[in-house]
Amino acid sequence: MFILAYHNLVRRRLRTGLTLLGVAAAVGVLACLLAFGQGYQRGLGQELNGMGIQMMLVPLGCPYDAAARVLKGRTLDASLPESAVNLARRDSAVACAAPMLMAALPRPSEGRTDLWVGIDEAIRPLKPWWRLKAGSQWFSDANSVILGAEAAATEMRQVGDTLYSPETGRRFRVCGILERSGTSDDSLFFVPLATAQAMFHQPGRLTAVAIRLKDPTLGEEAATRLQQTPGAQVVTLAEMLGTFLNLVGAVRTLVLAIAILALAISALSVFNTMLSSVLERTGELGILRAIGASRGQVFRLLAVESMALTTLGSAAGLALAVVAGRLVEQAIKAYVPLAPTESMLTLTGGVALQCFIVGIGVGLVAGFYPAWQASRLPPAQALRAE
């Protein structure tokens, strides 16, 4: 039966090849999407669990979008008065309040945008994952810059090197480079707060104030008091967690929608191939029935062909996901909110097994009707048609 199924498949090589390609593409896309979805959730979870921030002051507007952007190292359209950090530091429940000013410097000639962050010493307790490379030190003057690991690699700079910013006309000395942390900090340029305010013409302004409390149970009381800060609003850790969970949910929905579409197209391709095969082989199937083949044997023959198509296609799809996964990931990131800059796609054994099972399942579903149709074909009618 397996030999007969093989000969039937290679009889129409072009059609079989196109069907295999369709199944491979669907399974490959599914594998990449599932792997990216898991990596995206894991990456956001690691950043949220590792941060020392329990509360944040952000400009008036949408607080959840603002908090998510700050945590991911993105810029905001609005800003806070610098007095907000002083008010936060005076609150009895606040252990640490760190001001930040973020700004983007587009570099179209190089096809990238640099993100600069103005900070002061207060940020260090809120970044427990920060580790400076050997020879690094904190800002020594207004023209010092600390580079994230990815930013240092892109600029090809070491500690002590000079870094020139043509967009602002300023020259910096690299006083420190951060060890790679797997967070958005890897791609950022950190300068003293006053330097950033001067660079981006934002005197006395902030993007956000990150806060850690003396006791997390005091969060509700502190939020009520800090909510009175002029031009600012408070976002708590619980609200930030909800924002990230909503982002994960949106990514899951996107992944599911694209995967269902890809699998539906794949199933239709297999269905069309198998049904065409039955129609073309009406006489052959009639002869099989006439010489003693049962309906069950004819059904199994067509089912084996369908399974062989999707099994080979699924295996090819997983190989395609390994080879072209990074390209698919880059395409997905363009539509995913606040996607991490580092690679999130890791094709695990669990994801591969799931996709392989789904691919074979598509073959079973798509091949059922053609196989049933072939098994119900009366021998006499099939021979007359031939």
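The values are calculated or read from the model by the stated rules, or taken from the named source; none is laboratory data. Computed from a predicted model, the values in this text were never measured in an experiment. As a convention, Cβ positions derive from the backbone with ideal geometry for all residues, glycine included, and neighbour counts pool all protein chains shown.
Couple of notes before you dig in:
- For region 12-66, filtering for residues that are of a type in the set (Ser, Thr, Tyr) and at pLDDT 75 or above leaves 1.
- Residue within region 170-179 that is in a loop (DSSP other than H, G, I, E, B) and either buried (at least 19 other Cβ atoms within 10 Å of the Cβ) or without any contact (Cβ under 8 Å) to a residue 40 or more places away in the chain (or both) present: no
- Taking (1) among the hydroxyl-bearing types (Ser, Thr, Tyr); (2) more than 30 Å from Val85 (Cα to Cα); (3) at pLDDT 75 or above in turn, Thr229 satisfies each apart from (2).
- Note on region 79-99: among residues that are part of a loop (DSSP other than H, G, I, E, B) and of a type outside the set (A, V, I, L, M), the one that is farthest from Thr229 (Cα to Cα) is Ser92.
- Within region 180-223, the set of residues being farther than 18 Å from Ala104 by Cβ, touching a strand residue (DSSP E or B) at 6+ places or on another chain (Cβ under 7 Å) and not in a loop (DSSP other than H, G, I, E, B) comprises Pro192, Val209, Ala210, Ile211, Arg212, Leu213, Gly219, Ala222, Ala223.
- Residue check for Ala331: within 26 Å of Val29 (Cβ to Cβ), part of a helix (DSSP H, G or I) and modelled with pLDDT under 75: yes
- Qualifying residue in region 84-99 (condition: closer than 30 Å to Glu220 by Cβ, among the aliphatic types (A, V, I, L, M) and under 33 Å from the mean Cα position of the chain (by Cα)): yes
- Top-ranked residue of region 89-118 - restricted to ones that are out of contact with any Phe, Trp or Tyr (no Cβ under 6 Å at 6 or more places or on another chain) and β-branched (Val, Ile, Thr), ranked as nearest to Pro192 (Cα to Cα): Thr113
- If only residues of region 113-133 that are touching a Pro at 6+ places or on another chain (Cβ under 9 Å) and free of Cβ contacts under 8 Å to residues at least 40 places away in the same chain are counted, the one that is surrounded by the most Cβ atoms within 10 Å (Cβ to Cβ) is Ala122.
- Unique match (being part of a loop (DSSP other than H, G, I, E, B) and buried (at least 16 other Cβ atoms within 10 Å of the Cβ)) among Ser140, Ser136: Ser136
- Just one residue in the set Gly204, Gly160 is in contact with an Asp or Glu (Cβ under 8 Å, 6 or more places away or on another chain), surrounded by fewer than 18 Cβ atoms within 10 Å (Cβ to Cβ), on the phi > 0 side of the Ramachandran plot and touching a residue at least 24 places away in the same chain (Cβ under 8 Å); that residue is Gly204.
- Residue match in region 100-110 (condition: of a type in the set (Asp, Glu) and either closer than 23 Å to Ala223 by Cα or at pLDDT 90 or above (or both)): no
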